[in-house]
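Engineer: Below is a structure I'd like to ask you about.
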Amino acid sequence: MDKKRVLDIKNLNFYYKKENPIYKDFSLELSQGELVTIFGKSGSGKTTLFELILGSLKPISGKIDKSKIAMIFQDPYNSFHPTYSIIEQIKDIVGEISQNELEDFLIKLTLEKELLNKKPHELSGGQLQRCSILRALLMKPDLLLVDEPTSALDNIIAYDVMKLLITLLDKCAILLITHDLDMALWCSDKIIRLEENARK
């Protein structure tokens, strides 16, 4: 049985300056169960690709079809409002939450439930990043966009978090940005090196 296609990019073209295209006839397909990593140097267009997929940037030409998306941002402090509790912000996006599912994810992310009643500035960067991951998981996306998800975590927790994300591949696909080539080689079905591919 064919897996559900969750992302289909065809002949994408995008530039800020016409003489310096970031994407030229770039295509990418992603199906449920796949983990594809976008790897490249700063300025190669990794974050730009996510902004195009999310719709915050518009392509010059080409087509992007996608299913339900959740995003895990690199900087969790920019992805939470500073004056509301974590749980309030999760409920605003997710709606009703299964307590069993919530507690299961909290255990897997090594998060104490009491932390959810705090405001973002009361948490460490690592705790807040895991709350960001929790929020994305509770959204039950078809496609999970993951931007350097482990940059605020120590190595042991980082790999535990990636193992958790990999267990979700029976329900969704993951598009990952990372500067960690070892991690990319360890977890990816496919690695796209933008400095080699995006500008061809």
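Engineer: May I ask you to say which residue of Leu145, Leu194, Leu181, Leu123 is within 16 Å of Ile72 (Cα to Cα) and either buried (at least 20 other Cβ atoms within 10 Å of the Cβ) or at pLDDT below 90 (or both)?
Structural biologist: Just a single option satisfies the conditions, and that option is Leu145.
Engineer: Can Asp160 be described as over 15 Å from the mean Cα position of the chain (by Cα), surrounded by fewer than 19 Cβ atoms within 10 Å (Cβ to Cβ), at pLDDT below 85 and not polar (S, T, N, Q)?
Structural biologist: Considered against the rule, which asks whether it is over 15 Å from the mean Cα position of the chain (by Cα), surrounded by fewer than 19 Cβ atoms within 10 Å (Cβ to Cβ), at pLDDT below 85 and not polar (S, T, N, Q), Asp160 comes out as yes.
Engineer: What is the residue count in segment 1-48 for residues that are of a type in the set (Val, Ile, Thr) and in contact with a Gly (Cβ under 6 Å, 6 or more places away or on another chain)?
Structural biologist: 1
Engineer: Give segment 51-65 a look and list any residue that's in contact with a strand residue (DSSP E or B) (Cβ under 9 Å, 6 or more places away or on another chain) and charged (D, E, K, R), or say none.
Structural biologist: Selection gives Lys58, Lys63, Asp65.
Engineer: Looking at Ile107 and the list (1) among the aliphatic types (A, V, I, L, M); (2) open to solvent by 70 Å² or more (accessible area, probe 1.4 Å); (3) under 15 Å from Leu137 (Cβ atoms); (4) in contact (Cβ under 8 Å) with a residue 40 or more places away in the chain, which single condition is not satisfied?
Structural biologist: The failed condition is (4).
The values are calculated or read from the model by the stated rules, or taken from the named source; none is laboratory data. What you see is a predicted model; the values in this text were computed from it and never measured. Positions of Cβ are generated from backbone atoms using ideal geometry, with glycine treated the same way; all protein chains shown enter the neighbour counts. Surface accessibility is based on the protein's heavy atoms, side chains included, excluding ligands, DNA and RNA. Shrake-Rupley method; radii C 1.70, N 1.55, O 1.52, S 1.80 Å.
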